[in-house]
Amino acid sequence: MKNREHMPLLEIMGINKSFGDLKILKSCSLNVRSRETMVIIGPSGSGKSTLLRCINLLEPADDGNIFFEGNDIARELRRAPEVRREIGMVFQNFELFQHLTAIENIMLAPMKVLGMSRSDAHDVAMDLLKKVRIPERADFFPDELSGGQQQRIAIARALAMKPKLMLYDEPTSALDPEMIREVLDVMAELSSEGMTSIVVTHEMGFAKRAADQIVFMEDGEVIENAPRDSFFGGTVNERATRFLDQILH
Amino acid sequence: MSLDLVFDYVFSPAFFDGALLTLLITVTSLFFGMIAGLVVALLQESRIKPLQMLTLVYLWLFRGTPVLFQIIFIYNVLPTFGVMLSAFASAVIALSLNEGAYMAEIIRSGLQAVKKGQRTAGLALGMTRFSVMRYIVIPQAARIVLPPTGNQMIGMLKTSALVSVVAVEELLLVANQTASANFKYFEALTAAGIYYLALTTIFMSLQYLLERALDRKRPREKRRPVSLMTRLTALTAKTEPR
Ligand SMILES: Nc1ncnc2c1ncn2[C@@H]1O[C@H](COP(=O)(O)OP(=O)(O)OP(=O)(O)O)[C@@H](O)[C@H]1O
Ligand SMILES: [Mg+2]
């Protein structure tokens, strides 16, 4: 039973994705084990967002397999809502529901998808607001909150479904520098508690702190996939090194 | 000119009934018009090609011809196909279908104003497309749609006067008939005008209250919907919900 923990929660095998004539993902393969955090970096347009959107079936992959908990979900578009319950997603622009308060944003899916009662959903949401450290903002609307606060609410909203996997798509790149820290701290804490995560980010401080694996993508291909220490130890692909130099300067 | 006669007309059963009928025509046509508009807007979102085509034909027919034409057509032409309708029913059908064609456009632009990312966020939480529509898109679109819908309501009140051509005893017809009996046009039309103004004022007040009720942020913010006075004097004033 012990090594069940280390069996891949997500196994992506050779997925391709094109938009029209444009090949966006070219035979991408990745494994994410339970409790692990994977950081994906790569230049703009390399297909990072598309890869995340294929994982939770927001975009159907053209071919290849995506095993989630051992089941191939790549072609299960009909079951997409069920799959997505188990996979939380956090967006660059937060995408909080503008007509709902912070706490209502968190309560909506547990109530409407899981059929939880209002009072149970409220308790869950309140706990999560404490977890992301803004319980005092529960009754504020999104446009009354700072970007950092909105993003932490968005993380809480995803967590309310008790996902087995979290996907973050550049969660801090729309934030003012002084707010990046508060969001990364929450994410790092979740990772250290064993929340399996895939994070697209260029925050190398976060990668050093929280990542188990680091993946470098370019032109729709996974160029490098290395454990954190060897990645930062410099024993990596030359293109990845060049990209790292660019973003660090 | 006699203000006493104006007064008498305003309180006469004939004028009162006429105004009531005008109100009834307006409210029922609005009701069915909004349903038609919502159905058409959702069909256009649905990506089912034949249904989309059908809605386009509908919009083309009802936006491309005068309402007056539609009223007369439904009243006079449908009976030749064996569909017998009262003047009131034909009038309401014509006005509803016409209203639907305009409401569809308003509702559709409201739905489209809710950004794509909001739907994606709902889907990513495991919600079905229906739930996303019901709990995320429609509530946000409603706020955007409300101000132009209010203007449609007031427009409908005025358009309803056109159904006098098929002899529905609404306010304008009553006024006109009364006046042509004794040539006291000023008094009869003034009485009708008073009713129209009273009704539009009531509609605008309702619209104001509804917008205020939908704006849940009001207690904490000083932002207010457009005031009643502004509405009465500047009908086309843009009212941005955000
Ligand atoms: N729905 C779509 N239709 C057509 N092309 C698309 C679509 N979505 C993405 N693309 C294209 O796919 C390519 C990869 O996009 P993607 O958003 O996955 O890149 P990314 O690595 O996330 O980039 P960024 O760092 O800018 O977010 C881009 O060239 C983009 O224009
Ligand atoms: Mg991206």
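Which log10 I(q)/I(0) values, to two decimals, does the protein assembly as shown give at q = 0.09, 0.12, 0.13 Å⁻¹ under the Debye formula with one point per Cα?
-0.76, -1.07, -1.18
Please list, in chain and number order, the residues 5+ apart from A:Ile24 or on another chain whose amide H is under 5 Å from its amide H, with Hs placed from the backbone.
Under 5 Å from the amide H of A:Ile24 lie the amide H atoms of A:Lys17, A:Ser18, A:Phe19, each far enough along the sequence or on another chain.
What span do the alpha-carbon atoms of chain A cover on each of the three principal axes, reported in whole Å from largest to smallest?
Extents along the principal axes: 51, 44, 43 Å.
How much net charge surrounds A:Ser18 when only other residues with a Cβ under 15 Å from its Cβ are counted (Lys, Arg +1; Asp, Glu -1)? Show your work: numbers first, answer last.
Numbers: positive: A:Lys17, A:Lys23, A:Lys26, A:Arg53; negative: A:Asp21, A:Glu59, A:Asp62, A:Asp63, A:Asp219, A:Glu221.
Counting the neighbours of A:Ser18, the net charge comes to -2.
Please list, short to long, the whole-number percent of alpha-carbon pairs of region A:100-217 in consecutive 10 angstrom bins beginning at zero.
Values per bin, smallest distances first: 14, 45, 32, 9, 0.
Between the helical axis of A:177-192 and the dominant principal axis of chain A, each derived from Cα atoms, what acute angle in degrees is found, rounded to the nearest 10?
80
Using only the Cα atoms, work out Rg/Rh for region B:127-221, with Rh taken as the Kirkwood radius, to two decimals. Numbers along the way, then the final one.
Numbers: Rg = 20.0 Å, Rh = 16.4 Å.
Rg divided by Rh gives 1.22.
Under a 10 Å cutoff between Cα atoms, tell me which one of B:Leu23, B:Leu61, B:Leu173 has the largest fluctuation in the Gaussian network model of chain B.
Comparing B:Leu23, B:Leu61, B:Leu173 in the GNM, the peak value goes to B:Leu61.
Computed over the Cα atoms of region B:3-239, what is the ratio Rg over Rh, Rh following Kirkwood?
Rounded to two decimals, Rg/Rh equals 1.04.
Could you state the angle between the C-alpha long axis of helix A:147-159 and the longest principal axis of the C-alpha atoms of chain A, as a value from 0 to 90 degrees rounded to the nearest 10?
90
Could you estimate the translational diffusion coefficient of region A:97-162 from the Stokes-Einstein equation, with Rh from the Kirkwood formula over C-alpha pairs, at 10 °C and 1.306 mPa s, in whole µm²/s?
Details: Rh = 11.3 Å.
Once the numbers are plugged in, D ends up at 140 µm²/s.
Taking the convex hull of the Cα atoms, report for region A:44-144 its projected area averaged over all directions, in nm².
Numbers: hull surface 33.7 nm².
Value for region A:44-144: 8.4 nm².
Relative contact order of region A:97-162: what whole-number percent is it, with Cα pairs under 8 angstrom and at least 6 residues apart?
On the way: 71 pairs, mean separation 31.5, N = 66.
In percent, rounded to a whole number, it is 48.
Run through region B:1-67 and list the chymotrypsin sites (Phe, Trp or Tyr not before Pro) located in a DSSP loop whose Cβ has at most 15 other Cβ atoms within 10 Å. Please list the in-between numbers first.
Details: sites: B:Phe7, B:Tyr9, B:Phe11, B:Phe15, B:Phe16, B:Phe31, B:Phe32, B:Tyr58, B:Trp60, B:Phe62; in loops: B:Phe11.
Hits after loop and neighbour filter: B:Phe11.
What's the lysine pair count for chain A at a Cα cut-off below 21 Å, pairs eight or more apart or interchain?
Close lysine pairs found across chain A: 13.
Where Rh denotes the Kirkwood radius from the mean inverse Cα pair distance, what is Rg over Rh for region A:16-87?
On the way: Rg = 12.4 Å, Rh = 13.0 Å.
Over the Cα atoms of region A:16-87, Rg/Rh equals 0.95.
Counting other C-beta atoms within 10 Å, which of A:Lys48, B:Lys158 has the fewest, and how do the rest follow? Don't skip to the end; give the middle numbers.
Numbers: A:Lys48 22, B:Lys158 14.
With the sparsest Cβ surroundings first, the list reads B:Lys158, A:Lys48.
List every residue whose amide H lies under 5 Å from the amide H of A:Met89, counting only residues 5 or more places away in sequence or on a different chain, with H placed 1.01 Å from N in the peptide plane.
Amide H to amide H, under 5 Å and 5 or more residues apart or across chains, A:Met89 pairs with A:Leu167.
What is the helix-to-structure angle for A:238-248, meaning the angle in degrees between its Cα long axis and the longest Cα principal axis of chain A, kept from 0 to 90 and rounded to the nearest 10?
40
Taken together, the values in this text are just the output of simple stated rules run on the coordinates, not laboratory data. Owing to the predicted nature of the structure, the values given are computational and were not obtained by experimental measurement. Here the Cβ is made from the backbone with ideal geometry for all residues, glycine too, and neighbour counts use every protein chain on show.
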